[in-house]
Amino acid sequence: MKLSFLAGVSALVFSAATTSVHAAEAAATEAPAGQDLWYVLLFGGASFPNKMTTGIGGDDTYGHSVDFDTGFTIGAAIGRRINDAFRVEGELSYARYGANSFIFDHGDHDHGPFDASGDLSATYLLANAWVDVASFGQAKVYAGGGIGAAYVTADTSFDEPDFGYGSGGWGFAGQVGAGITYAVASNIDLDFGYRFKAVKSVDFDIDGDAENYFTDGNLYAHSLQLGMTAKF
């Protein structure tokens, strides 16, 4: 099941990236000779997750809503500029958040909030496309997004040492974002960016309960990041 899902996502990402590249090449002239076309980006920053809500064993009558503290994100991307405005890249990134509190939803009644501990993490594999929409001297404003997959897993405790989100799984992932690049050297740019990342429908094992599982967890996070791009 997971392998089939990953194969489908990989095919979708490859198809989207290939289509975008061909469209850009058809619409733009060749890049000037000697221009640095390839680049590597390293980045990190703060990430602000939304509350995650999950059901239990497919039963919508019961569920948990979990608040997470502000976390961090780090990552790297390798990309290629297609023309003066358009570039594509592959991204590998990681985010991690500490659990703060949870609410137990039992039918028409909410119980809590109660203390929660532990952490949740997400590893993203994304194919991105970015467009430079404006230039101001050495600065460029860009916007775009990407699609792919993310592996989300956790090791949390909900008010009890042996009850909480456990091992997770893969989910469909995407992001939209914008930012500003500033050239500090002929082949080095600083990148100040905002990203909104989303991962859909992740299931988690329930620590201490081998018969049930948490279902349909959606992870949404806003991130502010600073990066450095080396062009070659």
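The values are calculated or read from the model by the stated rules, or taken from the named source; none is laboratory data. This structure is a prediction, so every number in the text was calculated from the model and none was measured. Methodologically, a virtual Cβ is constructed for each residue, glycine included, from the backbone with ideal geometry; neighbour enumeration extends over all protein chains shown. These accessible areas exclude ligands, DNA and RNA; they are computed on the full protein's heavy atoms, side chains included. Shrake-Rupley method; radii C 1.70, N 1.55, O 1.52, S 1.80 Å.
Take residue 61 and tell me if it is open to solvent by 50 Å² or more (accessible area, probe 1.4 Å), farther than 17 Å from residue 164 by Cβ, modelled with pLDDT of 95 or more and not basic (Lys, Arg). So residue 61 does not fit the description; no.
Against the condition without any contact (Cβ under 8 Å) to a residue 40 or more places away in the chain and under 21 Å from residue 220 (Cβ atoms), how does residue 151 come out, does it pass? Quick ask: steps written out before the conclusion?
Details: without any contact (Cβ under 8 Å) to a residue 40 or more places away in the chain: yes; under 21 Å from residue 220 (Cβ atoms): yes.
Against the criterion (without any contact (Cβ under 8 Å) to a residue 40 or more places away in the chain and under 21 Å from residue 220 (Cβ atoms)), residue 151 qualifies.
Among the conditions (1) closer than 30 Å to residue 62 by Cα; (2) open to solvent by less than 70 Å² (accessible area, probe 1.4 Å), the only one that residue 216 does not satisfy is (2).
Checking the conditions here, which among 202, 184 is in contact with a Leu (Cβ under 8 Å, 6 or more places away or on another chain) and within 20 Å of residue 62 (Cα to Cα)? It would help to see each step written out before you state the result.
Details: 184 fails: within 20 Å of residue 62 (Cα to Cα).
One residue alone meets the criteria, 202.
Scanning region 148-188 for residues that are open to solvent by less than 20 Å² (accessible area, probe 1.4 Å), modelled with pLDDT of 95 or more and more than 17 Å from the chain's Cα centre (by Cα) yields a count of 1. Taking the stated definitions as given, is residue 163 part of a loop (DSSP other than H, G, I, E, B) and touching a residue at least 12 places away in the same chain (Cβ under 8 Å)? Judged against the criteria, residue 163 is a match.
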